[in-house]
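Following this message is one structure expressed as structure tokens.
The values are calculated or read from the model by the stated rules, or taken from the named source; none is laboratory data. In this text the structure is predicted, and so the values were computed from the model without any measurement. With ideal geometry, Cβ positions are generated from the backbone for all residues, glycine too; neighbour counts draw on all protein chains shown. To get the accessible areas, we keep the full protein, side chains included, count just its heavy atoms, and leave off ligands, DNA and RNA. Shrake-Rupley method; radii C 1.70, N 1.55, O 1.52, S 1.80 Å.
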Amino acid sequence: MVQTMAYAVIAAYVLMVLSNFLAMKKFFGGKDNKQISDEHPTYVSPDGKTFAIWGFIYMLETVLVVAQAFPSDRTNELFGRRCPLTGLDVRERLVLAFLANGIWLPIFNNEYFWSALGIMAVYLAFLLSVYMDLNVATTGSIFERVAFTAGVAMNASWIVVAFSVSIFFCGGLAGWENEHGVAGSVPAALAVVFLVTAVGCERAISVCDLSWAFVAAWALRGISRMQTVPDKVRFPLSAMNPTLGKTAEVCSLVVGGAMLVGVGLAVYPQFTKSKGN
């Protein structure tokens, strides 16, 4: 049963990656993500460069998918942990998260935006559920933290931002937009920026989760560039808000500082212990 689910994780991951590739090629019809994003700007949308983070996410999740397929008592212990709400183990939740992402892409590209928002909520829920059982605080060695936790942490951190964008996006469709056609509002965007910053700092300082914090800082920097670097295709120039842009930039630096503090807090006990010996 364990090996069957390990293969199911591989299959679900391959389907997700394939769906992503086909969506970029417009195989499912509709528009690609960039075109839709350009046509529906929001105050929490990062600029195009920010989406390069998916290369790192997929790379580390590929490591995770391969590593979990090699049976061992430790691997089975980590991936056998069950969610108290659903009773599903880690592999089963990974399968559902990957499938949710794969389903989301063609739904979103064909502009069924409210359905896509619901699917993304499911995707985020399963990612966070996996992250609760598979993170730097629940694993031991550096290998486990890189192979098993980094991809999930980066993915979950990014989807927190992406889900916020989707909420603003659908809010715009419901009439929550300004005269420039930008969905959301600056105060609401600032609230998202502060939330992403707070979670990123907490993850960095409390458990030294650099993967989560790095993506949070990266996304904040992307939001800042969207508001400070003119690009009339992606965002109406007259709607750009320098205050939001500067705040997001400062918050990105704050998260970066929290990462340094987290590393210091993690290394210091080992330093003093070795010095004492």
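Take E111 and decide whether it is out of contact with any His (no Cβ under 6 Å at 6 or more places or on another chain), of a type outside the set (F, W, Y), in a loop (DSSP other than H, G, I, E, B) and surrounded by fewer than 22 Cβ atoms within 10 Å (Cβ to Cβ). Step through it out loud before you land on a result.
Working: out of contact with any His (no Cβ under 6 Å at 6 or more places or on another chain): yes; of a type outside the set (F, W, Y): yes; in a loop (DSSP other than H, G, I, E, B): yes; surrounded by fewer than 22 Cβ atoms within 10 Å (Cβ to Cβ): yes.
Considered against the rule, which asks whether it is out of contact with any His (no Cβ under 6 Å at 6 or more places or on another chain), of a type outside the set (F, W, Y), in a loop (DSSP other than H, G, I, E, B) and surrounded by fewer than 22 Cβ atoms within 10 Å (Cβ to Cβ), E111 comes out as yes.
Scan region 51-60 for residues that are open to solvent by less than 60 Å² (accessible area, probe 1.4 Å) and within 11 Å of A150 (Cβ to Cβ) and report the count.
Matching residues across region 51-60 total 2.
For a quick check of your reading of the model, give me the residue pairs whose first member lies in region 48-72 and is under 25 Å from I36 (Cα atoms), whose second is open to solvent by 80 Å² or more (accessible area, probe 1.4 Å) and hydrophobic (A, V, I, L, M, F, W, C), with beta-carbon atoms closer than 8 Å and at least 6 apart or on different chains.
T50/W218; I53/W218
Which residues, counting only those in region 66-79, are open to solvent by less than 60 Å² (accessible area, probe 1.4 Å) and in contact with a helix residue (DSSP H, G or I) (Cβ under 7 Å, 6 or more places away or on another chain)? Step through it out loud before you land on a result.
To start, the set of residues in region 66-79 that are open to solvent by less than 60 Å² (accessible area, probe 1.4 Å) comprises 67-69, 72, 75-76, 78-79.
Matches in region 66-79: A67, Q68, A69, N76, L78, F79.
From (1) aliphatic (A, V, I, L, M); (2) surrounded by fewer than 21 Cβ atoms within 10 Å (Cβ to Cβ); (3) in contact (Cβ under 8 Å) with a residue 60 or more places away in the chain, pick out the condition that doesn't hold for V122.
(3)
In region 236-277, which residues are at pLDDT below 95 and closer than 15 Å to T50 by Cβ?
Within region 236-277, no residue meets the criteria.
For V63, state whether it is farther than 26 Å from I167 by Cβ, touching a helix residue (DSSP H, G or I) at 6+ places or on another chain (Cβ under 8 Å), open to solvent by 40 Å² or more (accessible area, probe 1.4 Å) and not aromatic (F, W, Y). I'd like the intermediate steps shown before the answer.
Values: farther than 26 Å from I167 by Cβ: yes; touching a helix residue (DSSP H, G or I) at 6+ places or on another chain (Cβ under 8 Å): yes; open to solvent by 40 Å² or more (accessible area, probe 1.4 Å): yes; not aromatic (F, W, Y): yes.
It is true that V63 is farther than 26 Å from I167 by Cβ, touching a helix residue (DSSP H, G or I) at 6+ places or on another chain (Cβ under 8 Å), open to solvent by 40 Å² or more (accessible area, probe 1.4 Å) and not aromatic (F, W, Y).
Sort out which residues of region 38-95 are of a type outside the set (F, W, Y), part of a loop (DSSP other than H, G, I, E, B) and under 20 Å from the mean Cα position of the chain (by Cα), and write them in order of number.
P41, V44, S45, P46, D47
Moving on. Going by the conditions given, is V207 β-branched (V, I, T), touching a helix residue (DSSP H, G or I) at 6+ places or on another chain (Cβ under 9 Å) and more than 15 Å from P41 (Cα to Cα)? Break it down into steps so the answer makes sense when it comes.
Values: β-branched (V, I, T): yes; touching a helix residue (DSSP H, G or I) at 6+ places or on another chain (Cβ under 9 Å): yes; more than 15 Å from P41 (Cα to Cα): yes.
So V207 fits the description; yes.
Give just the number: which of (1) more than 25 Å from K232 (Cα to Cα); (2) open to solvent by less than 10 Å² (accessible area, probe 1.4 Å) does A189 not satisfy?
Among (1) more than 25 Å from K232 (Cα to Cα); (2) open to solvent by less than 10 Å² (accessible area, probe 1.4 Å), A189 violates only (1).
Follow-up question, since we're still on this one. Please work out which residue is farthest from E39 (Cα to Cα), limiting yourself to region 145-165 and to residues that are open to solvent by 20 Å² or more (accessible area, probe 1.4 Å) and modelled with pLDDT under 95.
Among them, the one singled out is R145.
Restricting attention to region 153-173, report how many residues are aliphatic (A, V, I, L, M) and more than 13 Å from I53 (Cα to Cα).
Of the residues in that region, 4 qualify.
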